[in-house]
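Peer 1: Sharing a structure, written as structure tokens. Questions coming.
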Amino acid sequence: MSIIEEEGLISRLQAFDMSAIESVFNQYNEAIYRYGYRLLGCQDKAEECVAETFSRFLHALKNGKGPKKYVRPYLYRMAHNWITDQYRRAIPEDEGLPEYHASQNDYPEDIVIDNIESQEIRNVLRALPESQRQAVVLKFLEGLENKEIAIAMNKPVGAVKALQHRGLQTIRKKLEVKL
């Protein structure tokens, strides 16, 4: 989205234009869901993350707040804050096996291996310091540009790159130990 389009969208959002709000929801709800699922590992929690993120977004718009320049980083920041709140609460209960939606062509052993690998990656990501986890997930799993990540994290681009580098080093070390 160009800067002019983004500015126009933000103006419409600040005016509480329902078609603009619907457009933002349609454009970003799946991405916020994936982000929540990757970090939380639970379909219900990911859906709750989407609902809470957009609820907070609407509340901010109603109160004359909301994004000033960029919508996408703003939404990821709101989702990240909600996810962080979830981590700060009581230790999560054992949710059992991760959810997996198999196709007819999947072999049971492949499904098990995929589930184990997904859980190991989530555990390694959870073990990272919060800022490194956020920088790595936004860059490599969500595909945001470093400039957008810097806006979402309220940090300079150089700091974001350093966080990504340290996070990847830690991930490599932790995964090598498991091999």
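Derivation of every value follows stated rules applied to the coordinates shown; laboratory data play no part. As the structure is a computational prediction, the values presented were derived from the model and not from experiment. Note: ideal-geometry Cβ built from the backbone for every residue, glycine included; neighbour counts use all protein chains shown.
Peer 1: Select from Asn81, Val71, Gly36 the residue farthest towards the positive end of the dipole of segment 1-90; place +1 on Cβ of Lys and Arg, -1 on Cβ of Asp and Glu, and compute about the Cα centre.
Peer 2: It is Asn81, whose Cα lies furthest towards the positive end.
Peer 1: Excluding Ala46 itself, what net charge comes from residues whose Cβ is under 9 Å from its Cβ, given Lys and Arg +1 and Asp and Glu -1?
Peer 2: Once all neighbours under 9 Å are counted, the net charge is 0.
Peer 1: Moving on. Using label points projected 7 Å from each Cα along Cα→Cβ, tell me how many nm separate Leu141 and Ser118, to one decimal.
Peer 2: 1.2
Peer 1: Relative contact order of segment 1-90: what whole-number percent is it, with Cα pairs under 8 angstrom and at least 6 residues apart?
Peer 2: Reported relative contact order: 33 percent.
Peer 1: Let me ask something else about it. Based on the Cβ-Cβ distance of Arg56 and Lys161, what FRET efficiency does E = 1/(1 + (r/R0)^6) give at R0 = 25 Å, to the nearest 0.05?
Peer 2: Working: r = 28 Å, r/R0 = 1.13.
E between Arg56 and Lys161, to the nearest 0.05, is 0.30.
Peer 1: What does the charge count around His80 come to, taking other residues whose C-beta lies under 11 Å from its C-beta (Lys +1, Arg +1, Asp -1, Glu -1)?
Peer 2: Details: positive: Arg77, Arg133; negative: Asp85, Glu130, Glu142.
Residues near His80 contribute -1 overall.
Peer 1: Can you give the FRET efficiency for Lys174 and Glu47, using 1/(1 + (r/R0)^6), R0 = 30 Å, r = Cβ-Cβ distance, to the nearest 0.05?
Peer 2: Efficiency, from the Cβ-Cβ distance: 0.55.
Peer 1: Within the set Lys45/Lys147; Lys62/Lys139; Lys139/Lys173; Lys69/Lys173, which residue pairs have Cα atoms separated by over 26 Å?
Peer 2: Lys45/Lys147; Lys62/Lys139; Lys69/Lys173
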